[in-house]
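Note sheet for the following structure.
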Amino acid sequence: MVLNTGRRNLAILALAAMAIAGIVSVTYFTDLNRGGASLPSGCVKPANGFLIIASELGYNNSIGQGAPAKAWPIITVKNGTAVTIVVCNTDGQAHGFQINHYFDSSIETVLPGHVITVPFVANKVGTFQIYCSIFCTIHRYMLSGQLIVTP
């Protein structure tokens, strides 16, 4: 059976699109899982502080903790406390780190394989959202963290 030129060109385009999609998928999943097994240098829980690991599973495995329906991670401190949070990125893509009221005007970016330290004084009682401010493939699972500051 002979395909007419239009159908043959359409079939060639469809095969090319499938090949490109396969290459992109392999590259994407390779990048997504790169570095997930080891912690970056400096990724250590600070004394009297908190450690948050951004990975392909969200912040501290927020996917496995029921996020986004359930808040995770949850950090609770007393008003007036000096807080230090170390954020490590073991994922193959960049993530943001924000806390409403404390870090919502500037984006804290955590590049793949990098660590940032976020120090501040918890100076307002309430519950504040911890979230990723950079759209990524697991973004919805990184929007439900909470900082709870008690009196």
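Here the stretch 130-151 is the region considered, the condition is being modelled with pLDDT of 95 or more and surrounded by fewer than 21 Cβ atoms within 10 Å (Cβ to Cβ), and the residue that is farthest from Thr84 (Cα to Cα) is Pro151. When the stretch 62-84 is filtered for residues that are among the small types (Gly, Ala, Ser), open to solvent by 30 Å² or more (accessible area, probe 1.4 Å) and either over 18 Å from Asn48 (Cβ atoms) or not in a loop (DSSP other than H, G, I, E, B) (or both), the ones remaining, listed by number, are Gly64, Gly66, Ala69, Ala82. In the set (1) of a type in the set (A, V, I, L, M); (2) within 17 Å of Ile138 (Cβ to Cβ); (3) touching a Ser or Thr at 6+ places or on another chain (Cβ under 6 Å), Ala69 fails one condition alone, (3). A single entry from Val125, Val110, Val121, Val87 fulfils the requirement of being closer than 18 Å to Asn48 by Cα, in contact (Cβ under 8 Å) with a residue 40 or more places away in the chain and hydrophobic (A, V, I, L, M, F, W, C): Val121. Total residues in the stretch 110-125 satisfying the condition of being open to solvent by 60 Å² or more (accessible area, probe 1.4 Å), of a type outside the set (Val, Ile, Thr) and over 22 Å from Asp91 (Cα atoms): the figure is 3.
I'd like to verify a number: residues in the stretch 136-151 that are within 17 Å of Phe103 (Cα to Cα), assigned to a loop (DSSP other than H, G, I, E, B) and of a type outside the set (Ser, Thr, Tyr), how many? Total meeting the criteria: 1.
Scanning the stretch 85-109 for residues that are buried (at least 17 other Cβ atoms within 10 Å of the Cβ), of a type in the set (Gly, Ala, Ser) and part of a strand (DSSP E or B) turns up just one, Gly96. Of all residues in the stretch 37-61, those satisfying the criterion of being part of a loop (DSSP other than H, G, I, E, B), of a type in the set (S, T, N, Q) and touching a residue at least 24 places away in the same chain (Cβ under 8 Å) are Ser38, Ser41, Asn48.
The values are calculated or read from the model by the stated rules, or taken from the named source; none is laboratory data. None of these values were measured; they are calculated from a predicted model. Cβ coordinates were reconstructed from backbone atoms using ideal geometry, including for glycine residues, and neighbour counts include every protein chain displayed. Accessible surface is based on the protein model in full, side chains and every heavy atom, while ligands, DNA and RNA are left aside. Shrake-Rupley method; radii C 1.70, N 1.55, O 1.52, S 1.80 Å.
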